[in-house]
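Okay, so here's the structure we're looking at.
Just so it is clear, none of the values below were taken in a lab; they were calculated from the coordinates. Predicted, not measured: the structure shown is a model, and the values here were computed from it. All Cβ positions, glycine included, derive from the backbone under ideal geometry; neighbour counts span all protein chains shown.
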Amino acid sequence: MGVALKHPNRLDGLLVIDSAPLDYLNLPETYKTPFDVITKIQAMNMENRTRDDVSKELRQLFTPTVANLLLTNLVFIKDTDFVKWRINVPVLHKYFRDIIKFNISGLYPGEIKVILGELSQPYNTDVFKPFFPNITENDIVTIPKAGKIHLIIYDKRSLGTFGPTKCHH
């Protein structure tokens with residue numbers, strides 16, 4: 001969203017996933033879970049760890065869904081069987097509060113689509129209109145039984161029939 005607002009001419013369209021142009025520091029119930037996850041993985045010793053080692057520890061620390069998501073953020077260290085985080089965990093942890101602030105101004109006149117998880121914080125067009133004036137209710141879709149931790153996460157076994165639903169006010 002920040003790039004769209006600062007440099008609208010650089011984009012043909014914008015896709016927002018499970019987020020809104022809000023200062024999340026004022027919504028601790030929204031950022032507590034992701035911050036807790038980052039804090040726990042920051043505390044993990046990643047030196048000379050195999051993917052299986054890390055997987056076992058993640059499964060002790062988190063639900064299977066979160067552990068599986070985190071496992072997608074591991075990469076192998078060249079010429080070894082060891083892994084490291086693809087994401088820069090220390091920087092995410094150190095600057096988390098700065099990252100979740102939304103202190104950007106501007107207008108993005110282009111097309112925007114928003115995908116939300118049903119289990120996540122619900123948002124409607126009123127939240128987006130000050131920054132994205134062309135957004136309509138049809139531009140916001142909700143995926144049933146998905147959400148949390150600012151990512152669309154769902155277990156397809158529990159999803160049932162897949163299909164987005166309209167935004168609720």
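Have a look at Val66, Val75, Val89 and tell me which one the Gaussian network model of the chain (Cα, springs below 10 Å) gives the largest fluctuation.
Of Val66, Val75, Val89, the most mobile in the Gaussian network model is Val75.
Would you please give the residues with an amide H less than 5 Å from that of Val114, counting only those at least 5 places away or on a separate chain, with H modeled from the backbone geometry?
Val16, Ile140, Val141
Hey, what did segment 30-99 get for relative contact order, percent, Cα under 8 Å, at least 6 apart?
37
Explain nothing, just the number: dipole magnitude of the chain about its Cα centre with +1 on each Lys and Arg Cβ and -1 on each Asp and Glu Cβ, in debye rounded to the nearest 20.
Details: 21 positive and 18 negative charges, 43 e Å.
Using only the charged Cβ atoms, the result is roughly 200 debye.
Ignoring trypsin sites (Lys or Arg not before Pro) that are buried or in helix or strand per DSSP, and keeping those with at most 10 other beta carbon atoms within 10 Å, what is the longest stretch of the chain between them? Before the final figure, lay out each step's value.
Details: sites that count: Lys78, Arg86.
The reported range is 87-169.
Could you name the lysines whose alpha carbon sits less than 24 Å from that of Lys145, not counting residues in the same chain fewer than 8 places away?
Those lysines meeting the cut-off are Lys32, Lys113, Lys156, Lys166.
Could you state the angle between the C-alpha long axis of helix 89-100 and the longest principal axis of the C-alpha atoms of the chain, as a value from 0 to 90 degrees rounded to the nearest 10?
Helix 89-100 and the main axis of the chain meet at about 20 degrees.
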